[in-house]
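Engineer: Right, I'll just put the structure down here and ask away after.
The values are calculated or read from the model by the stated rules, or taken from the named source; none is laboratory data. Model, not experiment: these values are computed from the prediction. When we count neighbours, we look across all protein chains shown, and the Cβ atoms used for this are built from the backbone with ideal geometry, even at glycine. Ligands, DNA and RNA are stripped out before the accessible areas are found, and what is left, the full protein with its side chains, is counted by its heavy atoms. Shrake-Rupley method; radii C 1.70, N 1.55, O 1.52, S 1.80 Å.
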Amino acid sequence: MNGKYKAFWLDENGFVEVIDQTKLPFIEETVVLESADDAIVAIKDMIVRGAGVIGNIGALGVYLAVKENQDLKYIVKKSKEIRESRPTAVNLMWAVDIMLEAILNENENLLEVAKNAAIKICDEDSQRSSLIAKHGCDIFENIMKEKGKTTINVLTHCNAGWLAIVDDGSALAPIYEAKRRGIDVHVYVDETRPRNQGANLTAWELGKDNVNHTIIPDNTGGYLMQQGLVDVCIVGADRVSVNGDVANKIGTYLKALASYDNNIPFYVAIPEGTLDFNIKDGVKDIPIETRSEDEVKYIKGLNKEGVVEELLIMPKNSKAVNYGFDITPARLVTGLITEKGLCEANEVSICNKFAK
Ligand code: MRU
């Protein structure tokens, strides 16, 4: 991994240290994961999150299982638990399966095999992120050329930066590349209720790199698009089925609809591990995580005394529902920005580019 910032790393004892994303942007703290169970808790409780990083921590979680106990039954059992720790981001299943294949094909030096396999997954994701940055930024430059503009206004939803995918992210990678190329880029950041990954994480990341950005309530994007204030939308994804349907953070679908209605390109940036070749119809078959209603009912923030607090924001007895993701049908997706370049959101293009 070569990025300027990292969401996780191996410490001097061979354990996995991660930035605690539940505390950002108010407190910058790390947590050390010493066992497969620690990795499972970190994924479930969203201490780490974002499809790519969930996959990376899944892989490193399998390595931690091997570090604890080299009995194959134990490793397979823990791998299964890790694989099931969150349901929608397919990078998790993808990475755990690669780990198991590497481990089960060896008889000796299992710890080294597992460590090397996990590091390889992370390093390759980092290379994918750099390529997505370049391909995505070329697209931004074309949009600017076509419109005769010297600035570009980008709208993004949730967080698909380096906290979510090593090293530049997926959706944010072309934005960081634009900054490196000296392009005048401004980002509208959807706050992304209920967990506010946009306001808490994307804004924090962009601020660290001095990228000009404005946080908007989730309902604002459509109006901005009607007013000609958005040139392009770009989001990441947790799973893309082989027909090009996109599972991403809840609310993505509404942004895609508004983009379509306003003739604004809607791109989805993904590395290979986000593709699911087993699902033919994403709208019907991609599993959508449902999370606790308390994530909707309570909101976390810094009070006037500078203390982080959680507040109830609705009648205590009202019910709430909390779907983590929604599905944007392929027909609303202008294109998939991948490490192999731009790919149409359909089975023929996906299979041509990523033929096994
Ligand atoms: O629930 P999260 O925070 O793990 O979800 C992550 C997302 O859905 C992001 O929108 C992202 O685009 C996909 S991860 C690169």
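Engineer: What residue, among those in region 149-162 that are more than 10 Å from the ligand (Cβ to nearest atom) and in contact with a Cys (Cβ under 9 Å, 6 or more places away or on another chain), is farthest from residue 231 (Cα to Cα)?
Structural biologist: Only one residue tops the list, namely 155.
Engineer: Condition first: open to solvent by less than 20 Å² (accessible area, probe 1.4 Å), over 30 Å from residue 221 (Cα atoms) and either without any contact (Cβ under 8 Å) to a residue 24 or more places away in the chain or away from the ligand (no atom under 16 Å from the Cβ) (or both). Can you find one or more residues in region 175-190 that meet it?
Structural biologist: no
Engineer: What are the residue pairs meeting all of these: first residue in region 253-264, first residue modelled with pLDDT of 95 or more, second residue open to solvent by 100 Å² or more (accessible area, probe 1.4 Å), Cβ atoms under 8 Å, and 6 or more apart or on different chains?
Structural biologist: Here the result reads 262/226, each pair linking region 253-264 to a residue that is open to solvent by 100 Å² or more (accessible area, probe 1.4 Å).
Engineer: Now for a separate question. Restricting attention to region 3-12, report how many residues are away from the ligand (no atom under 16 Å from the Cβ), under 27 Å from residue 272 (Cα atoms) and open to solvent by less than 50 Å² (accessible area, probe 1.4 Å).
Structural biologist: Looking only at that region, the number is 0.
Engineer: Based on what the data block shows, is residue 151 surrounded by fewer than 17 Cβ atoms within 10 Å (Cβ to Cβ), within 20 Å of residue 211 (Cβ to Cβ) and either modelled with pLDDT under 95 or in contact with a helix residue (DSSP H, G or I) (Cβ under 8 Å, 6 or more places away or on another chain) (or both)? Outline the logic, then answer.
Structural biologist: Working: surrounded by fewer than 17 Cβ atoms within 10 Å (Cβ to Cβ): yes; within 20 Å of residue 211 (Cβ to Cβ): yes; either modelled with pLDDT under 95 or in contact with a helix residue (DSSP H, G or I) (Cβ under 8 Å, 6 or more places away or on another chain) (or both): yes.
In short, yes.
Engineer: How about region 333-356: which of its residues are open to solvent by 10 Å² or more (accessible area, probe 1.4 Å) and either in a loop (DSSP other than H, G, I, E, B) or within 16 Å of residue 260 (Cβ to Cβ) (or both)?
Structural biologist: 333, 334, 339, 340, 344, 345, 346, 355, 356, listed by residue number.
Engineer: Still on this model: Looking only at region 194-206, which residues are touching a residue at least 60 places away in the same chain (Cβ under 8 Å) and either open to solvent by 20 Å² or more (accessible area, probe 1.4 Å) or in a strand (DSSP E or B) (or both)?
Structural biologist: 194, 195, 200, 204
Engineer: Only one residue in 37, 97, 20 is more than 30 Å from residue 328 (Cα to Cα) and within 23 Å of the chain's Cα centre (by Cα). Which one? Give the steps one after another, and end with the answer.
Structural biologist: Working: 97 fails: more than 30 Å from residue 328 (Cα to Cα); 20 fails: more than 30 Å from residue 328 (Cα to Cα).
Step by step, each of 37, 97, 20 is checked, and only 37 is more than 30 Å from residue 328 (Cα to Cα) and within 23 Å of the chain's Cα centre (by Cα).
Engineer: If you go through region 217-236, how many residues are within 21 Å of residue 176 (Cα to Cα) and either more than 21 Å from the chain's Cα centre (by Cα) or open to solvent by 10 Å² or more (accessible area, probe 1.4 Å) (or both)? Talk me through it step by step, then tell me what you get.
Structural biologist: Of region 217-236, the ones within 21 Å of residue 176 (Cα to Cα) are 229-236.
Subsequent filtering for residues that are either more than 21 Å from the chain's Cα centre (by Cα) or open to solvent by 10 Å² or more (accessible area, probe 1.4 Å) (or both) retains 229-231.
Of the residues in region 217-236, 3 are within 21 Å of residue 176 (Cα to Cα) and either more than 21 Å from the chain's Cα centre (by Cα) or open to solvent by 10 Å² or more (accessible area, probe 1.4 Å) (or both).
Engineer: Moving to a separate point now. Quick one: residue 128 ticks every box in (1) open to solvent by 10 Å² or more (accessible area, probe 1.4 Å); (2) in contact with a Lys or Arg (Cβ under 7 Å, 6 or more places away or on another chain) bar one, so which box is it?
Structural biologist: With (1) open to solvent by 10 Å² or more (accessible area, probe 1.4 Å); (2) in contact with a Lys or Arg (Cβ under 7 Å, 6 or more places away or on another chain) applied to residue 128, the lone miss is (2).
Engineer: Which one is nearest to the ligand (Cβ to nearest atom), of the residues in region 86-100 that are under 11 Å from residue 53 (Cβ atoms) and part of a helix (DSSP H, G or I)? Steps first, please.
Structural biologist: The initial filter retains those residues of region 86-100 that are under 11 Å from residue 53 (Cβ atoms), namely 89, 91-92, 95.
Narrowing the set further to residues that are part of a helix (DSSP H, G or I) leaves 91-92, 95.
Values: 91: 8, 92: 10, 95: 13 Å.
This residue is 91.
Engineer: Next question. For the subset of region 72-84 comprising residues that are in contact (Cβ under 8 Å) with a residue 40 or more places away in the chain and open to solvent by 10 Å² or more (accessible area, probe 1.4 Å), which member is farthest from the ligand (Cβ to nearest atom)?
Structural biologist: 78
Engineer: Here's another thing I want to ask about it. Residue under question is residue 115, and the condition is that it be farther than 20 Å from residue 206 by Cα, in contact (Cβ under 8 Å) with a residue 24 or more places away in the chain and part of a loop (DSSP other than H, G, I, E, B); does it hold?
Structural biologist: Working: farther than 20 Å from residue 206 by Cα: yes; in contact (Cβ under 8 Å) with a residue 24 or more places away in the chain: yes; part of a loop (DSSP other than H, G, I, E, B): no.
No, not satisfied.
Engineer: Let me ask you something else. Go through region 238-255 and report how many residues are within 11 Å of the ligand (Cβ to nearest atom), hydrophobic (A, V, I, L, M, F, W, C) and open to solvent by less than 10 Å² (accessible area, probe 1.4 Å).
Structural biologist: Matching residues across region 238-255 total 3.
Engineer: From the list 121, 165, 139, pick out the single residue that is modelled with pLDDT of 95 or more, within 16 Å of the ligand (Cβ to nearest atom) and more than 14 Å from the chain's Cα centre (by Cα). First the steps, then the outcome.
Structural biologist: Values: 165 fails: more than 14 Å from the chain's Cα centre (by Cα); 139 fails: within 16 Å of the ligand (Cβ to nearest atom).
Result of the check over 121, 165, 139: 121.
Engineer: Would you check which residues across region 98-112 are surrounded by 14 or more Cβ atoms within 10 Å (Cβ to Cβ) and without any contact (Cβ under 8 Å) to a residue 24 or more places away in the chain and list them?
Structural biologist: Passing the criteria: only 102.
Engineer: Can you name the residue in region 20-71 that is polar (S, T, N, Q) and within 29 Å of residue 248 (Cβ to Cβ) and, of all such residues, is most open to solvent (accessible area, probe 1.4 Å)? I'd like the intermediate steps shown before the answer.
Structural biologist: Quick first cut of region 20-71, residues polar (S, T, N, Q) only: 21-22, 30, 35, 56, 69-70.
Narrowing the set further to residues that are within 29 Å of residue 248 (Cβ to Cβ) leaves 21-22, 30, 56.
Numbers: 21: 11, 22: 36, 30: 62, 56: 1 Å².
For region 20-71, the residue satisfying everything is 30.
Engineer: Then there's this: Kindly indicate the residue of region 13-57 that is of a type outside the set (A, V, I, L, M), in contact with a helix residue (DSSP H, G or I) (Cβ under 6 Å, 6 or more places away or on another chain) and in a loop (DSSP other than H, G, I, E, B) and also nearest to the ligand (Cβ to nearest atom) among those meeting that condition. I'd like the intermediate steps shown before the answer.
Structural biologist: Let us first name the residues in region 13-57 that are of a type outside the set (A, V, I, L, M), namely 13-15, 17, 20-23, 25-26, 28-30, 34-35, 37-38, 44-45, 49-50, 52, 55-56.
Cutting the leftovers down to in contact with a helix residue (DSSP H, G or I) (Cβ under 6 Å, 6 or more places away or on another chain) gives us 25, 35, 52, 55-56.
From what is left, the residues that are in a loop (DSSP other than H, G, I, E, B) are 25, 35.
On the way: 25: 15, 35: 22 Å.
If we take residues in region 13-57 being of a type outside the set (A, V, I, L, M), in contact with a helix residue (DSSP H, G or I) (Cβ under 6 Å, 6 or more places away or on another chain) and in a loop (DSSP other than H, G, I, E, B), then 25 is nearest to the ligand (Cβ to nearest atom).
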